[in-house]
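K.L.:
Shown below is the structure under consideration.
Every number here is computed from the coordinates shown, using simple stated rules; none is lab data. Remember, predicted model here, so these are calculated numbers, not experimental data. Neighbour counts are summed over all protein chains in view; Cβ atoms, including those assigned to glycine, are modelled from backbone coordinates with ideal geometry.
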Amino acid sequence: MIEVQALAKQYGSFSAVRDLSFSVRPGEVLGLVGPNGAGKTTTLRCLAGIIPMTSGTVRVAGHDLAVDPVEAKRHLAFFADEPRLFEYLTVRQHLAFVARIYGVRDHETIATPLLEELELLEKADELPGELSRGMKQKLVIACGLLHSPSVMFFDEPLTGLDPLGIRRMKDSIVRRAQAGAAVVLSSHLLHLLEEVCTNVLILKKGEKVADGTLSEVSAQFSNGEAGVSLEEIFIRATGGTEG
């Protein structure tokens, strides 16, 4: 579970995120959306402990991120939009390295099915320089899933994937949520978020303007209309278009 209370992030006199509170329960997929500069990536990096928050409380799987950061991070995975890999480690060696960090024993029994799922098994002995942009993204995802995290933060995870890869990644996220993971997913592909997410959180200029289930947020901005898309809800909530 993810619990966020009064999260704020300040850069000098600039408030990137202000007084943000929400929760994500096991089995839920929260779509985090907002215009460029709304504070989505800053929020995700604070939740994952990559950058320090200015104030507020974040609990991951029951562990306070500020008080017990190591234990909190054992339960989470953060997937950035830009894959960062070790140029001299093969695909298989990346997974072995991550397994040692997280203390995953007999990791091959987990790694091989992951490589199959993400269509990387035939690339297992190749270096990052030999992989396409999409394959690199899949390798980062495989590394993040290796320790079976119960909390997952995705920041534009579909960048570089082809349409079939996007569909398979969507199905993978849904399966893990159904198995009990709490997921926060930020993406500009609103039509896919609509298919995957159970809840949505809309940010504008660092502040929450909507939070709830898809049906609750839709009711808030639909003006009584039926079948209003998430894209239209987004436009009405923020007064702009997704970037």
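K.L.:
Might you check whether a residue that is out of contact with any His (no Cβ under 6 Å at 6 or more places or on another chain), in contact (Cβ under 8 Å) with a residue 60 or more places away in the chain, assigned to a helix (DSSP H, G or I) and of a type in the set (G, A, S) occurs anywhere in the range 195-208? Even if it seems obvious, please write down each step before you answer.
P.N.:
Filtering the range 195-208 down to residues out of contact with any His (no Cβ under 6 Å at 6 or more places or on another chain) leaves 195-208.
With in contact (Cβ under 8 Å) with a residue 60 or more places away in the chain added as a condition, the list becomes 196-208.
Next, only the ones that are assigned to a helix (DSSP H, G or I) stay: 196.
Next cut, of a type in the set (G, A, S) only: none.
Checked against the condition, which is being out of contact with any His (no Cβ under 6 Å at 6 or more places or on another chain), in contact (Cβ under 8 Å) with a residue 60 or more places away in the chain, assigned to a helix (DSSP H, G or I) and of a type in the set (G, A, S), the range 195-208 yields no hits at all.
K.L.:
To continue, here is another question. For a quick check of your reading of the model, give me the residue pairs whose first member lies in the range 77-92 and is under 30 Å from I2 (Cβ atoms), whose second is assigned to a loop (DSSP other than H, G, I, E, B) and β-branched (V, I, T), with beta-carbon atoms closer than 6 Å and at least 6 apart or on different chains.
P.N.:
That search, which allows pairs on different chains as well, returns D81/T159.
K.L.:
Mind listing whichever residues of the range 181-221 are more than 23 Å from G39 (Cα to Cα) and either touching a Gly at 6+ places or on another chain (Cβ under 6 Å) or surrounded by 19 or more Cβ atoms within 10 Å (Cβ to Cβ) (or both)?
P.N.:
Once the filter is applied, which keeps residues that are more than 23 Å from G39 (Cα to Cα) and either touching a Gly at 6+ places or on another chain (Cβ under 6 Å) or surrounded by 19 or more Cβ atoms within 10 Å (Cβ to Cβ) (or both), the range 181-221 yields only A181.
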